[in-house]
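One structure is given below, encoded as structure tokens.
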């Protein structure tokens with residue numbers, strides 16, 4: 001147990017130092033703190049210049065709540081729980097594998113180091129996006145998980161910052177299901193995967209933005225605002241009652257597995273879920289909501 005307590009203490013110290021360096025502008029291009037701010041400002045500017053719903057305020061409903069969620073979930077949540085939890089879980093899994101005389105390297109299906117880096121990162125992105133697509137489906141199909149996911153679907157007006165409005169339990173589920181598939185592919189440095197993260201953040205922001213884009217033929221590959229707004233539709237046909245358009249970055253999985261749904265322009269559809277009128281409106285109450293619901 002002492003080993004695990006040391007892992008937790010070191011995780012807090014290491015991430016706190018990392019976060020300080022990011023905010024104080026570490027001298028490298030893959031600065032996640034300012035990268036998030038830069039992408040957010042750029043997509044917000046696009047919303048202002050090319051609004052799809054022209055009557056929607058620049059400071060839309062829950063703009064500041066979603067902005068707080070964005071920084072809390074992307075940075076503070078790691079400091080509070082995620083880094084310590086993931087490091088501890090990773091060590092526990094390694095200990096478990098060692099007990100049965102296996103290691104993570106034994107699970108690797110091929111040597112990623114033998115591939116060109118661009119190809120390895122592409123495979124890393126495709127596998128992680130597919131695992132997350134399946135995890136997203138679970139959040140809609142499993143009632144226990146849906147109670148947590150309601151926080152994200154409580155958005156009533158779409159805007160870029162709604163991308164990162166989610167309950168803190170969601171990344172725990174995502175990271176847990178991602179751990180073994182990603183471990184099989186080997187480790188990449190933060191600089192290696194920075195371009196992947198920045199790309200997925202940008203697409204996620206655009207998906208939730210007040211923009212009426214579908215990217216033409218690329219809509220069959222990339223998730224987009226015209227597709228994703230239907231994922232947030234309050235009313236859907238009974239045959240898709242668990243949801244549609246589960247793609248995070250890529251839309252291709254929805255087209256392959258027939259969960260795509262864009263019946264017409266969703267520009268003015270009502271967003272939310274059944275019973276959202278009584279859903280809490282502030283951060284603390286939304287975080288506590290799943291703990292009070294059966």
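The values are calculated or read from the model by the stated rules, or taken from the named source; none is laboratory data. None of the values given here were measured: they were computed from a predicted structure. Positions of Cβ are generated from backbone atoms using ideal geometry, with glycine treated the same way; all protein chains shown enter the neighbour counts.
A few remarks follow.
- Residue match in the stretch 117-130 (condition: surrounded by fewer than 18 Cβ atoms within 10 Å (Cβ to Cβ), at pLDDT 95 or above, assigned to a helix (DSSP H, G or I) and on the phi < 0 side of the Ramachandran plot): yes
- Residue in the stretch 274-282 that is under 18 Å from residue 203 (Cβ atoms), in contact (Cβ under 8 Å) with a residue 40 or more places away in the chain and part of a helix (DSSP H, G or I) present: no
- Within the stretch 146-183, the set of residues being free of Cβ contacts under 8 Å to residues at least 40 places away in the same chain and over 20 Å from residue 228 (Cα atoms) comprises just one member, 173.
- Looking across the stretch 248-263 at every residue that is in contact (Cβ under 8 Å) with a residue 60 or more places away in the chain and part of a loop (DSSP other than H, G, I, E, B), the one that is farthest from residue 214 (Cα to Cα) is identified as 259.
- Sole exception among (1) surrounded by 17 or more Cβ atoms within 10 Å (Cβ to Cβ); (2) modelled with pLDDT under 95; (3) out of contact with any helix residue (DSSP H, G or I) (no Cβ under 8 Å at 6 or more places or on another chain) for residue 229, by number: (2)
- Only a single criterion out of (1) modelled with pLDDT of 90 or more; (2) crowded, with 17+ Cβ neighbours inside 10 Å; (3) assigned to a helix (DSSP H, G or I) is not satisfied by residue 11, namely (1).
- Among (1) in a loop (DSSP other than H, G, I, E, B); (2) out of contact with any helix residue (DSSP H, G or I) (no Cβ under 8 Å at 6 or more places or on another chain); (3) surrounded by 18 or more Cβ atoms within 10 Å (Cβ to Cβ) - the single one residue 266 does not satisfy: (2)
- Among (1) more than 21 Å from the chain's Cα centre (by Cα); (2) assigned to a helix (DSSP H, G or I); (3) over 16 Å from residue 140 (Cβ atoms) - the single one residue 182 does not satisfy: (1)
- Meets criteria (assigned to a helix (DSSP H, G or I), buried (at least 18 other Cβ atoms within 10 Å of the Cβ) and in contact with a helix residue (DSSP H, G or I) (Cβ under 8 Å, 6 or more places away or on another chain)) for residue 173: yes
- Breaking point among (1) assigned to a helix (DSSP H, G or I); (2) under 20 Å from residue 159 (Cβ atoms), for residue 245: (1)
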